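Asker: Pasting a structure here, questions to come.
The values are calculated or read from the model by the stated rules, or taken from the named source; none is laboratory data. Keep in mind the model is a prediction, meaning the values are calculated, not measured. Using ideal geometry, Cβ is built from the backbone for each residue, glycine included, and neighbour counts are taken over all protein chains shown. These accessible areas exclude ligands, DNA and RNA; they are computed on the full protein's heavy atoms, side chains included. Shrake-Rupley method; radii C 1.70, N 1.55, O 1.52, S 1.80 Å.
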Amino acid sequence: QLDDLYLIALVHRRELKSLRDLTAEHLPLLRNVLQEGKEAITKRFGVPGSQLRIYLHYQPSYHHLHVHFTALGYDAPGSSVERAHLLADVIDNLAMDSTYYQKRALTFPLRADEPLFKKFQEAGKV
């Protein structure tokens with residue numbers, strides 16, 4: 001069923017854990033994931049790239065860089081603006097400033113049962 005298509009591309013470079021690790025050095029890799037991912041999905045599922053939402057999470061659910069590919073009409077968990085960063089925007093931001101994601105303040109939601117939320121509570125930040 002293509003209405004709720006949800007695929008993930010894992011990056012083989014294990015030292016890349018999240019959006020924060022990316023610099024302009026990684027632009028060829030990111031452009032390749034974007035292009036090859038769209039082409040593979042079009043070939044295998046017949047869904048054109050224009051009908052895909054392609055993004056990274058921050059904070060990620062696991063710390064191994066990965067890219068989400070979902071059908072545009074599918075409201076996938078974590079695809080909202082608070083957590084999802086479109087890969088095309090990430091590429092543009094890094095092309096403008098190599099250290100964009102090391103410097104940028106990134107807002108993200110946390111559930112009350114998450115360990116990081118508890119650490120913020122303990123520190124008196126919530």
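Asker: Within region 13-25, count every residue that is open to solvent by less than 60 Å² (accessible area, probe 1.4 Å) and free of Cβ contacts under 8 Å to residues at least 40 places away in the same chain.
Answerer: 0
Asker: Now for a different question. Against the conditions (1) open to solvent by less than 80 Å² (accessible area, probe 1.4 Å); (2) modelled with pLDDT of 95 or more; (3) closer than 21 Å to Glu15 by Cα, where does Pro28 fall short? Just the number, please.
Answerer: Only one criterion is unmet by Pro28, namely (1).
Asker: If you scan region 70-82, which residues turn out to be assigned to a loop (DSSP other than H, G, I, E, B), hydroxyl-bearing (Ser, Thr, Tyr) and open to solvent by less than 30 Å² (accessible area, probe 1.4 Å)?
Answerer: Of everything in region 70-82, just one residue is assigned to a loop (DSSP other than H, G, I, E, B), hydroxyl-bearing (Ser, Thr, Tyr) and open to solvent by less than 30 Å² (accessible area, probe 1.4 Å), namely Ser79.
Asker: Something else: Could you grab the pairs with beta carbons closer than 8 Å, sequence gap of 6+ or different chains, first residue in region 101-126 and closer than 19 Å to Leu56 by Cβ, second one at pLDDT below 85 and assigned to a helix (DSSP H, G or I)?
Answerer: Leu110/Leu116; Leu110/Phe117
Asker: Show the residue pairs that are 6+ apart or on different chains and have beta-carbon atoms under 8 Å apart, the first residue being within region 1-12 and farther than 18 Å from Leu56 by Cα, the second being assigned to a strand (DSSP E or B).
Answerer: Close Cβ pairs (under 8 Å, with a partner that is assigned to a strand (DSSP E or B)) amount to Leu2/Ala71; Asp3/Ala71.
Asker: Considering only residues of region 54-65 that are open to solvent by 10 Å² or more (accessible area, probe 1.4 Å) and touching a residue at least 40 places away in the same chain (Cβ under 8 Å), which is farthest from Leu106 (Cα to Cα)?
Answerer: His64
Asker: Can you tell me which residue is farthest from Ala105 (Cα to Cα) among those in region 17-53 that are over 15 Å from the mean Cα position of the chain (by Cα) and not in a helix (DSSP H, G or I)?
Answerer: Filtering region 17-53 for residues that are over 15 Å from the mean Cα position of the chain (by Cα) and not in a helix (DSSP H, G or I), the one farthest from Ala105 (Cα to Cα) comes out as Gly46.
Asker: What about Pro60, is it over 30 Å from Gln1 (Cβ atoms) and at pLDDT below 95?
Answerer: no
Asker: Can I ask one more? Keeping to region 83-122, report how many residues are in contact with a strand residue (DSSP E or B) (Cβ under 6 Å, 6 or more places away or on another chain) and open to solvent by 50 Å² or more (accessible area, probe 1.4 Å).
Answerer: Residues flagged as in contact with a strand residue (DSSP E or B) (Cβ under 6 Å, 6 or more places away or on another chain) and open to solvent by 50 Å² or more (accessible area, probe 1.4 Å) within region 83-122 amount to 2.
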